Amino acid sequence: MYYVIRDSEKLPPSIIHEDHYFAWYNPMKKDHRVEFRGTMNQCYDFMATCPTQVRSQSL
């Protein structure tokens, strides 16, 4: 399982593996937002087809 994580409105979202997610982020804190969960290919597809807010910041 992979996660698309947004931890800043100024930076593009990141795709990270669930092991790293739980090592780096505390799910109980509100300092980040999980945009999507799925396989790595599904996460890349989400990043390619997600709303313009995410795509415009990653360009």
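Each value in this text was obtained by applying a stated rule to the coordinates, not by laboratory testing. Remember, predicted model here, so these are calculated numbers, not experimental data. Because the Cβ atoms are built from the backbone with ideal geometry, glycine has one as well, and the counts that use them run over all protein chains shown.
Near F36, the amide H atoms lying under 5 Å from its own belong to V4; only residues 5 or more places off or on other chains count, and H is placed 1.01 Å from N.
Using the Cβ of I15 as centre and a radius below 12 Å, the other residues enclosed give a net charge of -1, where K and R count +1 and D and E count -1.
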